[in-house]
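Enquirer: Can you keep this structure in mind? I'll have questions shortly.
The values are calculated or read from the model by the stated rules, or taken from the named source; none is laboratory data. For clarity, every value in this text was computed on a predicted model and none was experimentally measured. Because the Cβ atoms are built from the backbone with ideal geometry, glycine has one as well, and the counts that use them run over all protein chains shown.
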Amino acid sequence: MEINQDVSITFDHPTNEAGGVRIWVRSFTNGSLTPNYVAHGSPIHPVGTGSIVGSFTIASGDVTVDQIRFQIWKADQSALLYEVNIPVNYQFNDTTNLIINKFLALPTANILGFNQNVTITFDYSTIEVGGVRIWARPFSKGSLTPNYAAHGSSLYLVGTGSGSGSFTIKSGDVNVDHIRFQMWNNTSSHLIYEAFVPVCYLFGETSYFDRLYLPMIIK
């Protein structure tokens, strides 16, 4: 997303607080309020049920919003009545080099066999005159997944466009928990953009994952 682009949020709020409540939605990154955020205020919402539209954005910097925190307070802000954090993935970038609209052909969570491809499509924009190269790579526990095979990159020309690729795991029972997207300059000497998308692709013997992981996914 672009800097200062609003994320709009609509939700209902039942409350029996006689004096009404105030409600805030705030963006979080790595467990803390996202730097340089701008968000809606809150009037007093009366007792009963109503619908609220709020929004937030990021005013500057390259950052990923990984959670949205909802809070309900008493009208005089003397007590916190309710709080919940919802996982999200909003990537704000104040440059014009972006990878957006990332689409995975296989939904997560998913159990896959070795050498079964996960196909990826994406849109991009760049001001690099010489064009860029774009890669998507599987990650597990913070590192490149062992024994992976993945697509190369053609040269994506300056401007906007679309691309595609795929990856798979050739051997070894493993959980791919993120996909890393990178944009490099045309000679692959300079990293321009990077983003991680959380996923859950379990590669291995089906009987192994049925026994070990599937009960965890169903919970």
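Enquirer: Output the residue which, of all residues in the range 50-61 that are surrounded by fewer than 17 Cβ atoms within 10 Å (Cβ to Cβ) and within 28 Å of the chain's Cα centre (by Cα), is farthest from Q5 (Cα to Cα).
Expert: Going through the range 50-61, the residues surrounded by fewer than 17 Cβ atoms within 10 Å (Cβ to Cβ) turn out to be 50-53, 55, 59-61.
Of the ones still in play, those that are also within 28 Å of the chain's Cα centre (by Cα) are 51-53, 55, 59-61.
Values: S51: 23, I52: 19, V53: 16, S55: 10, A59: 9, S60: 11, G61: 13 Å.
Among those that are surrounded by fewer than 17 Cβ atoms within 10 Å (Cβ to Cβ) and within 28 Å of the chain's Cα centre (by Cα), it is S51.
Enquirer: Within the range 34-56, can one find any residue that is in contact with an Asp or Glu (Cβ under 8 Å, 6 or more places away or on another chain) and within 29 Å of T126 (Cα to Cα)?
Expert: Step one: of the range 34-56, the residues in contact with an Asp or Glu (Cβ under 8 Å, 6 or more places away or on another chain) are 47, 49-52, 55-56.
Now drop any that are not within 29 Å of T126 (Cα to Cα), which leaves 55-56.
Looking for residues that are in contact with an Asp or Glu (Cβ under 8 Å, 6 or more places away or on another chain) and within 29 Å of T126 (Cα to Cα), one finds at least one in the range 34-56, hence yes.
Enquirer: Regarding T145, is this residue polar (S, T, N, Q), closer than 15 Å to C200 by Cα and at pLDDT 95 or above?
Expert: yes
Enquirer: Enumerate the pairs (first residue in the range 83-107 and on the phi > 0 side of the Ramachandran plot; second residue anywhere and part of a strand (DSSP E or B)) with beta-carbon separation below 7 Å, excluding pairs fewer than 6 apart on the same chain, so at least 6 apart or on different chains.
Expert: Hits for this filter: N101/F122; N101/D123.
Enquirer: State which residue is nearest to the chain's Cα centre (by Cα) when the search covers only the range 178-219 and only residues that are at pLDDT 85 or above and farther than 30 Å from E128 by Cβ.
Expert: C200
Enquirer: Yes or no: G61 among the small types (G, A, S) and under 30 Å from V132 (Cα atoms)?
Expert: The answer is yes for G61.
Enquirer: Is there any pair linking a residue in the range 170-197 that is in the same structural domain as V88 (by TED's automatic domain parsing) and over 20 Å from V88 (Cα atoms) to one that is among the hydroxyl-bearing types (S, T, Y) and modelled with pLDDT of 95 or more, with Cβ under 9 Å and at least six apart or on different chains, and which?
Expert: Going by the 9 Å Cβ cut-off, there are no qualifying pairs.
Enquirer: Shifting gears a bit: Looking at (1) outside any strand (DSSP E or B); (2) touching a strand residue (DSSP E or B) at 6+ places or on another chain (Cβ under 9 Å); (3) modelled with pLDDT under 85, find the lone condition where I100 falls short.
Expert: (1)
Enquirer: Just to check your reading of the model, which residue among I86, I100, I120 is of a type in the set (V, I, T) and crowded, with 17+ Cβ neighbours inside 10 Å?
Expert: None of the other options fit; the residue is I120.
Enquirer: Which residue pairs have Cβ atoms closer than 7 Å, lie 6 or more positions apart in sequence or on different chains, and pair a first residue in the range 111-130 that is farther than 17 Å from F181 by Cα and of a type in the set (S, T, N, Q) with a second residue that is surrounded by fewer than 18 Cβ atoms within 10 Å (Cβ to Cβ) and at pLDDT 90 or above?
Expert: N115/K170
Enquirer: Now a separate question. Restricting the search to the range 39-49, which residues are surrounded by 14 or more Cβ atoms within 10 Å (Cβ to Cβ) and in a strand (DSSP E or B)?
Expert: A39, H45
Enquirer: Does any residue of the range 141-149 turn out to be loosely packed, with under 14 Cβ neighbours inside 10 Å, more than 18 Å from the chain's Cα centre (by Cα) and under 17 Å from H190 (Cα atoms)?
Expert: No.
Enquirer: Identify, please: which residue in the range 62-83 is exposed (fewer than 12 other Cβ atoms within 10 Å of the Cβ) and under 11 Å from W24 (Cβ atoms) and is, among those, farthest from the chain's Cα centre (by Cα)?
Expert: If we take residues in the range 62-83 being exposed (fewer than 12 other Cβ atoms within 10 Å of the Cβ) and under 11 Å from W24 (Cβ atoms), then Q77 is farthest from the chain's Cα centre (by Cα).
Enquirer: Determine whether L155 is surrounded by fewer than 18 Cβ atoms within 10 Å (Cβ to Cβ) and over 26 Å from P35 (Cα atoms).
Expert: Against the criterion (surrounded by fewer than 18 Cβ atoms within 10 Å (Cβ to Cβ) and over 26 Å from P35 (Cα atoms)), L155 qualifies.
Enquirer: Within the range 43-60, identify whether any single residue is touching a strand residue (DSSP E or B) at 6+ places or on another chain (Cβ under 9 Å) and closer than 30 Å to V174 by Cα, and answer yes or no.
Expert: No, every residue in the range 43-60 fails to be touching a strand residue (DSSP E or B) at 6+ places or on another chain (Cβ under 9 Å) and closer than 30 Å to V174 by Cα.
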